[in-house]
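Enquirer: Got a structure here, written out as structure tokens. Questions coming.
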There are 2 protein chains.
Amino acid sequence: MLKVVSTEKALEIIREEFSHIKAQTETVILSESIGRTLGDDILSEENIPAFNRSTVDGFAVRAKDTYGSSESVPSQLEITGEILMGEKAEAKLGEGECIRISTGGMIPENADSVVMVEHTDCTFPPVCLILKAVSPFENVTKKGDDTRKGDVVFKKGKVISSREAGVLASLGRSKVPVASKPRVGIISTGDEIVSIEGKVPFGKIRDINTHILSALINELGCIPKEYGIIRDNYDDIYNSVKKAVSENDIVLISGGSSAGARDMTAEIIGTLGELYLHGIAMKPGKPTIVGRIDQKAVFGLPGHPAAAYFVTLRLVKPLIDTILGRNSTDRAVTGRLTQNISSNHGREELLCVKFTADGVTPVFGKSGIISLLSESDGYIIIDRNCEGLKQGDEVHVILWN
Amino acid sequence: MLKVVSTEKALEIIREEFSHIKAQTETVILSESIGRTLGDDILSEENIPAFNRSTVDGFAVRAKDTYGSSESVPSQLEITGEILMGEKAEAKLGEGECIRISTGGMIPENADSVVMVEHTDCTFPPVCLILKAVSPFENVTKKGDDTRKGDVVFKKGKVISSREAGVLASLGRSKVPVASKPRVGIISTGDEIVSIEGKVPFGKIRDINTHILSALINELGCIPKEYGIIRDNYDDIYNSVKKAVSENDIVLISGGSSAGARDMTAEIIGTLGELYLHGIAMKPGKPTIVGRIDQKAVFGLPGHPAAAYFVTLRLVKPLIDTILGRNSTDRAVTGRLTQNISSNHGREELLCVKFTADGVTPVFGKSGIISLLSESDGYIIIDRNCEGLKQGDEVHVILWN
């Protein structure tokens, strides 16, 4: 029997023992890259914009020709042409001249700024009265302002959202290198567990874990594979673990809520591979098991859904981030507690919280209670050495999703 | 020409004129409901748990039989049986008796609490020494503690995450009623716009809007349909708008960055249907157009990607939320500005910001610059009547995603 370890120690073991698990890089089309993790740095192959562009409709000018202009004392420039959107500006601007230009149009040679059409008076062409001075590069996006050739625009590991998709489109990246999604097998064990379909026989409970873990694994950017409900029986668990290990990078075995069943899971992991830890000083999550079979990471999770959920977030998510090479996507905000929270005597605690008018309020519930997860806005991690928290103490809330 | 309206007025017009657009409800399997919006209230048809359950391995007892127990002065109870996990507890507990029970086991009649196995000594069965007193319902999840029969567990409009999936599984909901995804047609117009594939001819720019808007519409829970790049030509725009309107609930026409092109889009909307507004007192987003064709909502968005993105978030997202009956998913946190921001003189401003060590820092950039979106953590909305903001002022940051 291994001794109970701290969460930090468990994370260290996971980091060291599973460092060989790395996602491959695959190429997907831009629209399918959303939510994925960049598998390579993205470099710009050009300046964007490729030329100085007008950001308004108006007249391209030399700023100094407009200095001192006002409604009462306008400057007088000569309109010598027009630059159509999407066309190369061939004209050169001479002193005292201006050229009509549309938003997005290319600034002609010698011009450095654009006077908005609202600040001009062209009643008597080719005369253009400038009613307001502009400064150099006013109303102009300069060549390379957005991205310079050779710049690393995004580093490997960045998660792609619609905003990055826009940048990738601007770079002409219709195909994007992304980290392949890790495969995660999900096994739910327990004699008391039945399918969520149909009536529940008295004394049994529905298989929540397959569904909540599968959904979570999906949200974490992996491909879940469900192996169904396995009875608390050595051979059945042995065979399903063996199969799941052969088909996945990570295997989660939830349940075995009785000590005997948990020991059986630990024994099977030890027989098929190596057992690293059995028991963790974390609340919820105490009966967690971590081991390795055939270079794959195997986790024994508590049977209680909320506990299994928290252990997956606390231990499995960092491993997934490492496999993907992904920057952590956890988003934390600070707030002040609305009530005291007592100490855990050496165990780290993960606690659901919600934002209320007066601050951050703990959502208490037994670990078997599943609705507390959906009633909360996120969770806090209370250090195992914490002597308790007081009302008004500042806490970091890790937001859901 | 319609006059420029405030953002509030534009939102009011959108709310009133498009109130007839409502999503249908469809049924999907649980694993496919993640990220979707509930189309109906979810009621519990039973108590969960259906019986009092033990949350630990130990002995079911009557709490009062343990009062005063300690390591030095243990109580002495008689073990009269064992309740196996997943079995109906048939036994009744008599005075001075206890029954062995596993985590998840059903508490027998007359028992009200469980003593953890660690706090017992069973060296001489059938005697069980109780080394620590328990209070009533200690280590027990009571029947209906999680959900009571008839309770509205989730209201229509809630977005389903893995946490809700867990609750739905606990209720036996293998199929879930969700709002059907609205269909959103995306048209990118402009003579200067070219496909993101291949080299860009001089003076042209890549079609960012199709990709950033398509990705955003997807993130907002809708089905984007791309209609490609349409030249600034009345007939081409007319035909593509007509087609897009017939196939979608909402149509976004981006581009037409020149005033002439914008007027053409507005004219086409007016010809095919009704034009509600052309111009909005918002920065970025001034040249926005809103109209209706055949009961569908049609938006003319600015050509600049960042501006088109912000207008979609500010005006189209609330419409999508209403169509889906979805609670807004915007998540805002407060922070203090690290610098002054000048007034907009009557225009509402949407400004990208990022969190830095000293607070909330604006990410400035011209509206044509697309990378500022991906460099920021979210955005703030500065009221049109705001006389400018000062360093240290508290602002609400709407987080990306």
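A quick yes/no check of all residues on (1) surrounded by 21 or more Cβ atoms within 10 Å (Cβ to Cβ); (2) under 30 Å from B:Cys222 (Cα atoms); (3) modelled with pLDDT of 95 or more; (4) basic (Lys, Arg):
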site: A:Glu8; (1), (2), (3), (4): no, no, yes, no
site: A:Arg15; (1), (2), (3), (4): no, no, yes, yes
site: A:Gly35; (1), (2), (3), (4): no, yes, yes, no
site: A:Ala60; (1), (2), (3), (4): yes, no, yes, no
site: A:Lys64; (1), (2), (3), (4): no, no, yes, yes
site: A:Val73; (1), (2), (3), (4): no, no, no, no
site: A:Leu84; (1), (2), (3), (4): no, no, no, no
site: A:Ala89; (1), (2), (3), (4): yes, no, no, no
site: A:Leu93; (1), (2), (3), (4): yes, no, no, no
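Enquirer: On the basis of being closer than 24 Å to A:Pro302 by Cβ and either crowded, with 22+ Cβ neighbours inside 10 Å or within 42 Å of the chain's Cα centre (by Cα) (or both), does B:Ile42 make the cut?
Expert: Here the answer is no, as B:Ile42 does not meet what is asked.
Enquirer: Exactly one of these conditions fails for B:Ile48: (1) within 30 Å of B:Lys181 (Cα to Cα); (2) at pLDDT below 95. Give me its number.
Expert: Of the numbered conditions (1) within 30 Å of B:Lys181 (Cα to Cα); (2) at pLDDT below 95, the odd one out for B:Ile48 is (1).
Enquirer: Of these, A:Thr312, A:Thr271, which one is at pLDDT 95 or above, assigned to a helix (DSSP H, G or I) and touching a helix residue (DSSP H, G or I) at 6+ places or on another chain (Cβ under 7 Å)?
Expert: A:Thr312
Enquirer: Identify all residues within the range B:76-98 that are part of a loop (DSSP other than H, G, I, E, B) and in contact with a Gly (Cβ under 6 Å, 6 or more places away or on another chain); write none if there are none.
Expert: B:Met85, B:Gly86, B:Glu87, B:Lys88, B:Ala91
Enquirer: Among A:Ser214, A:Ser170, A:Ser254, which is more than 27 Å from A:Ile323 (Cβ to Cβ) and either in contact with a Lys or Arg (Cβ under 9 Å, 6 or more places away or on another chain) or of a type in the set (S, T, N, Q) (or both)?
Expert: A:Ser170 is the lone residue from the list that is more than 27 Å from A:Ile323 (Cβ to Cβ) and either in contact with a Lys or Arg (Cβ under 9 Å, 6 or more places away or on another chain) or of a type in the set (S, T, N, Q) (or both).
Results for (1) surrounded by 21 or more Cβ atoms within 10 Å (Cβ to Cβ); (2) within 27 Å of the chain's Cα centre (by Cα); (3) farther than 21 Å from A:Leu252 by Cβ, shown as yes or no for each residue.
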site	(1), (2), (3)
A:Ile320	yes, yes, no
A:Thr334	no, yes, yes
A:Ser371	yes, yes, yes
A:Tyr379	yes, yes, no
A:Gly388	no, no, yes
A:Glu394	no, yes, yes
A:Leu399	no, yes, yes
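Enquirer: What are the residues in the range A:289-309 that are within 14 Å of another protein chain (Cβ to nearest Cβ), not in a strand (DSSP E or B) and not small (Gly, Ala, Ser), if any?
Expert: Passing the criteria: A:Pro302, A:His304, A:Pro305, A:Tyr309.
Enquirer: Out of B:Gly260, B:Gly270, report the one residue that is surrounded by fewer than 23 Cβ atoms within 10 Å (Cβ to Cβ), within 14 Å of another protein chain (Cβ to nearest Cβ) and within 30 Å of B:Arg384 (Cα to Cα).
Expert: B:Gly260
Enquirer: Just need a number here: residues in the range A:1-27 that are under 13 Å from A:Leu275 (Cβ atoms) and part of a loop (DSSP other than H, G, I, E, B).
Expert: The total comes to 3.
Enquirer: Enumerate the pairs (first residue in the range B:203-220 and within 7 Å of chain A (Cβ to nearest Cβ) and surrounded by fewer than 24 Cβ atoms within 10 Å (Cβ to Cβ); second residue anywhere and outside any helix (DSSP H, G or I) and of a type in the set (Phe, Trp, Tyr)) with beta-carbon separation below 9 Å, excluding pairs fewer than 6 apart on the same chain, so at least 6 apart or on different chains.
Expert: The qualifying pairs are B:Gly203/A:Phe51.
Enquirer: I'd like to know if the range A:227-250 contains one or more residues that are farther than 22 Å from A:Thr37 by Cα, assigned by TED's automatic domain parsing to the domain that holds A:Phe18, surrounded by 18 or more Cβ atoms within 10 Å (Cβ to Cβ) and of a type in the set (Gly, Ala, Ser).
Expert: Checked the range A:227-250: at least one residue is farther than 22 Å from A:Thr37 by Cα, assigned by TED's automatic domain parsing to the domain that holds A:Phe18, surrounded by 18 or more Cβ atoms within 10 Å (Cβ to Cβ) and of a type in the set (Gly, Ala, Ser).
Enquirer: Then there's this: Out of B:Ile250, B:Ile217, B:Ile237, report the one residue that is in contact with a Ser or Thr (Cβ under 9 Å, 6 or more places away or on another chain) and under 26 Å from A:Glu164 (Cα atoms).
Expert: Unique residue meeting the criteria: B:Ile217.
Enquirer: Filtering the range B:281-302 down to residues that are of a type in the set (D, E, K, R) and at pLDDT 95 or above, which residue is surrounded by the fewest Cβ atoms within 10 Å (Cβ to Cβ)?
Expert: The extreme case among them is B:Asp294.
Enquirer: Are there any pairs with C-beta distances below 6 angstrom linking a residue in the range A:317-337 that is facing another protein chain (nearest Cβ under 10 Å) to a residue that is at pLDDT below 90 and surrounded by 15 or more Cβ atoms within 10 Å (Cβ to Cβ), with the two at least 6 apart or on different chains, and if so which?
Expert: As it stands, the answer is A:Val333/B:Val333, since those pairs meet every condition given.
Enquirer: Please specify each residue of the range A:28-71 satisfying the condition of being within 19 Å of A:Leu131 (Cβ to Cβ), more than 10 Å from every other protein chain (Cβ to nearest Cβ), in a loop (DSSP other than H, G, I, E, B) and not hydroxyl-bearing (Ser, Thr, Tyr).
Expert: A:Arg62, A:Gly68, A:Glu71
Enquirer: Moving on to the next point. I'd like the full set of residues that are in a strand (DSSP E or B) and either touching a helix residue (DSSP H, G or I) at 6+ places or on another chain (Cβ under 6 Å) or surrounded by fewer than 19 Cβ atoms within 10 Å (Cβ to Cβ) (or both), limited to the range A:116-144.
Expert: Selection gives A:Met116, A:Asp121, A:Val127, A:Leu129, A:Ile130.
Enquirer: Test of understanding: among B:Ile99, B:Ile196, B:Ile186, which residue is modelled with pLDDT of 95 or more, crowded, with 18+ Cβ neighbours inside 10 Å and at the interface with another protein chain (Cβ under 10 Å from one of its Cβ atoms)?
Expert: Matching residue, one of B:Ile99, B:Ile196, B:Ile186: B:Ile196.
Enquirer: For the list (1) more than 15 Å from B:Asp57 (Cβ to Cβ); (2) more than 14 Å from every other protein chain (Cβ to nearest Cβ), I need the number of the one condition that B:Cys128 fails.
Expert: (1)
Enquirer: Restricting attention to the range A:227-245, does a residue exist that is closer than 15 Å to A:Thr189 by Cα, in contact with a helix residue (DSSP H, G or I) (Cβ under 7 Å, 6 or more places away or on another chain) and among the charged types (D, E, K, R)?
Expert: Yes.
The values are calculated or read from the model by the stated rules, or taken from the named source; none is laboratory data. Everything quoted here is computed from the prediction, not taken from an experiment. Cβ sites come from the backbone with ideal geometry, for glycine too, and all protein chains shown count toward neighbours.
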